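The values are calculated or read from the model by the stated rules, or taken from the named source; none is laboratory data. Since we're looking at a predicted model, the values are computed, not measured. Quick reminder, even Gly has a Cβ in these numbers, built from the backbone with ideal geometry, and neighbours come from all protein chains shown.
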Amino acid sequence: MEQADLIWHNGELVAWEDAKIHVLTHGLHYGTGVFEGERAYETPAGTAIFRHHDHLQRLLQSAELYYMPVPYTLEELRAATHELIAANGLTECYVRPIVFRGYGQMGLYPLDCNVEVTIAAWPWGAYLGEDGKRHGIRAKVASWRRISHESLIPHSKASGQYLNSVLAKIEASKAGYQEAILLDSEGFVSEGSGENIYAVRDGQIVTPPQTAGILDGISRKSIIQIAGDLGFEVIERNLVRAELTLADEVFMSGTAAELVPVREIDDHVIGEGVPGPVTLEIGRVFDDALHGRDPRYADWLDVVQVPTKTA
Ligand SMILES: Cc1ncc(COP(=O)(O)O)c(C=O)c1O
C-alpha cells in the first residue's frame, strides 16, 4: 500500500511507522472496533472530503451500537481529519478512522477497556481496479450468507463483522472473480463484500432494502438521490438472485470502489456485457458530485485547507 507521513492517534500526529499498538489490544482479539472509509477528492474549491459529516455520524452510531463511548466529538474528529490531511499534504486520499477497544483488559466483557481512536489517510486508487470501473467487473454469488441482524448488527460498520466479507471475498477471488455478492439469511440479495448493489430493468432501479442485512451505504444514499434527480424510479425492495442475472444492467457502489458496473454474474453476461446507459449516466453525475463539478451536490463536500507543498 502507499504510505503517508503521519497518522493521527489518540489526539497526536505520529510518524506512519510509529503508529503501533500492543499485541493484546482487545479489538485485535475480539474484533471490538468500528471504522469508516471516506475519500477526499481534488475539487475546484480545494481538497474536499465527500459527505464527511455523514461518515462521522455513522462512525459514532456504529460505536454506540456496540456500547463504545468515543472520547472525541464529531467536530473534534472532523478537525483531526482536516489536520491530518493537511499535515500529510494529500490532495486526494482515502481516509480510515477507527475506534477500538485498546490494551488493558482481556475477556469478552469490554466495557472496562479503554477506547482508542486512530485516523489514517493515504493515496488509494480504484478498489476494484481502473479496468473494472471502466468496463465492469465479474462477480460471483458467494456460498456465505451476509451476517444477519439476528446475530450481529449490519447497520454498524464493525471490524469483527468483516470476517463475513473476507470469507466471501476470498471465495470469489479464488474462483477467478473480482467481487462477491452475498445473499441475506433468507436468500434475498444483500450486497457486495464492500459495496451496495443495484439492478436496472426497463429503466427502473431496484436495490435491496435496509432489512436485507445491508450496510446503509453513504454512496447508496447519494446514488438514490442522484438517480431520483435524473428522473429514474428507485425502488428499495427484496430481490432474488435471478433478478440480478435477468437485469439489463447491474452496478455496485461504495466509497472505496465508487460506482462500478457489473458485467457478469456467475458467468451469465448482464445485458450487453458492457456498462449500460443508466449506469453510465448515474456514474457520470456521481463522479461529478465527488469531484465538486455539480453545484447541486456542493453541500456534500467538506473542504480541507491543504497547504501547497514548497520544494
Ligand atoms: C459491507 C459494505 N457494504 C456497503 C458499503 C458501501 O458503503 P459506503 O457507500 O458508505 O462506503 C461498504 C463500504 O463501506 C461495505 O463495507
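The figures follow:
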{"quantity": "Unique residue being free of Cβ contacts under 8 Å to residues at least 40 places away in the same chain, of a type outside the set (G, A, S) and either assigned to a strand (DSSP E or B) or surrounded by fewer than 19 Cβ atoms within 10 Å (Cβ to Cβ) (or both) when the list is I224, I205, I235", "calculated": "I235"}
{"quantity": "From S159, S219, S165, S148, residue being touching a strand residue (DSSP E or B) at 6+ places or on another chain (Cβ under 6 Å), modelled with pLDDT of 95 or more, within 25 Å of Y67 (Cα to Cα) and hydroxyl-bearing (S, T, Y)", "calculated": "S159"}
{"quantity": "Search result, residues across segment 28-49 that are surrounded by 19 or more Cβ atoms within 10 Å (Cβ to Cβ), over 16 Å from the mean Cα position of the chain (by Cα) and not in a strand (DSSP E or B)", "calculated": "T32"}
{"quantity": "Hits in segment 259-283 (condition: closer than 22 Å to S173 by Cα, among the aliphatic types (A, V, I, L, M) and either within 16 Å of the ligand (Cβ to nearest atom) or in contact with a Pro (Cβ under 9 Å, 6 or more places away or on another chain) (or both))", "calculated": "L259, V260, V262, I270, V274"}
{"quantity": "In segment 261-311, residue surrounded by the fewest Cβ atoms within 10 Å (Cβ to Cβ) [restricted to those that are closer than 30 Å to D5 by Cα and among the aliphatic types (A, V, I, L, M)]", "calculated": "A311"}
{"quantity": "Some residue of segment 251-258 being within 14 Å of the ligand (Cβ to nearest atom) and either surrounded by fewer than 15 Cβ atoms within 10 Å (Cβ to Cβ) or assigned to a helix (DSSP H, G or I) (or both)", "calculated": "no"}
{"quantity": "Segment 189-213 - residue that is hydroxyl-bearing (S, T, Y) and more than 24 Å from H52 (Cα to Cα) and, of those, farthest from the ligand (Cβ to nearest atom)", "calculated": "T211"}
{"quantity": "Y94 in contact (Cβ under 8 Å) with a residue 12 or more places away in the chain, among the aromatic types (F, W, Y) and loosely packed, with under 14 Cβ neighbours inside 10 Å", "calculated": "no"}
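Here is a yes/no grid of residues against (1) closer than 30 Å to A87 by Cα; (2) more than 10 Å from the ligand (Cβ to nearest atom); (3) part of a helix (DSSP H, G or I):
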| site | (1), (2), (3) |
| --- | --- |
| G125 | yes, yes, no |
| G132 | no, yes, yes |
| K140 | no, yes, no |
| N164 | no, no, yes |
| A168 | no, no, yes |
| I181 | no, yes, no |
| G187 | no, yes, no |
| L215 | no, no, no |
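One line per residue, one yes/no per condition, for (1) within 16 Å of the ligand (Cβ to nearest atom); (2) of a type in the set (A, V, I, L, M); (3) more than 30 Å from A175 (Cβ to Cβ):
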{"site": "H55", "(1), (2), (3)": "yes, no, yes"}
{"site": "A79", "(1), (2), (3)": "no, yes, yes"}
{"site": "G89", "(1), (2), (3)": "no, no, yes"}
{"site": "C93", "(1), (2), (3)": "yes, no, yes"}
{"site": "C113", "(1), (2), (3)": "no, no, yes"}
{"site": "L128", "(1), (2), (3)": "yes, yes, no"}
{"site": "W144", "(1), (2), (3)": "yes, no, no"}
{"site": "E150", "(1), (2), (3)": "no, no, no"}
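Quick grid of which residues meet (1) within 22 Å of the chain's Cα centre (by Cα); (2) over 13 Å from R96 (Cα atoms); (3) among the charged types (D, E, K, R):
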| residue | (1), (2), (3) |
| --- | --- |
| A4 | yes, no, no |
| I7 | yes, no, no |
| E12 | no, yes, yes |
| E64 | yes, yes, yes |
